[in-house]
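Trainee: Attaching a single structure in structure tokens format; questions to follow.
No value in this document is a laboratory result; all are computed from the given coordinates. Computed from a predicted structure; not experimentally measured. Note that each Cβ is placed from the backbone with ideal geometry, even for glycine, and that neighbours are counted across all protein chains shown.
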Amino acid sequence: MDAKFEAAGGADGNLSALRHIWRFDEVFSSSVLLDFDKNENMTLDPPELEAVAETVSASLSKYSYYTNITVDGKAVAWRNRTRSKRPM
């Protein structure tokens, strides 16, 4: 797995966005293909990719995307969580 984290600042100097980009190896990708390739064409078509994204996003959200933000030692609540629709 390859992971990348990005933090973006707004014009006001405050944190405006956090982004996680995860790329998985062939073994994990093969298991996803077996689980989500409903038409068995060995390709994840757009609706199948959407199902993968929804499943993974729902699973990761239970753990706050493995991201904890604190200010002065106190947890900061998440706001406006969205999932990117960027192609994989």
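Trainee: Need the full-extension length gain, V76 to K38, defined as separation in residues times 0.36 nm minus the C-alpha distance. One decimal, nm.
Mentor: Using 0.36 nm per residue and subtracting the Cα-Cα distance, I get 9.7 nm.
Trainee: Same structure again: Over all alpha-carbon pairs in the chain, figure out the percentage whose distance exceeds 22 Å.
Mentor: 38 percent
Trainee: Specify the angular offset, from 0 to 90 degrees and rounded to the nearest 10, of the alpha carbon long axis of helix 46-61 from the longest principal axis of the alpha carbons in the chain.
Mentor: 40 degrees
Trainee: Within the set of other residues whose C-beta is less than 14 Å from the C-beta of A3, count the net charge using Lys and Arg as +1 and Asp and Glu as -1.
Mentor: 0
Trainee: Also: How large is ³J(HN,Hα), in whole Hz, for each residue of the stretch 25-40 in order, when computed from phi with the Karplus curve 6.51 cos²θ - 1.76 cosθ + 1.60 and θ = phi - 60°, using x for Gly and Pro?
Mentor: 6, 5, 5, 4, 4, 5, 5, 5, 4, 5, 7, 10, 7, 5, 8, 6
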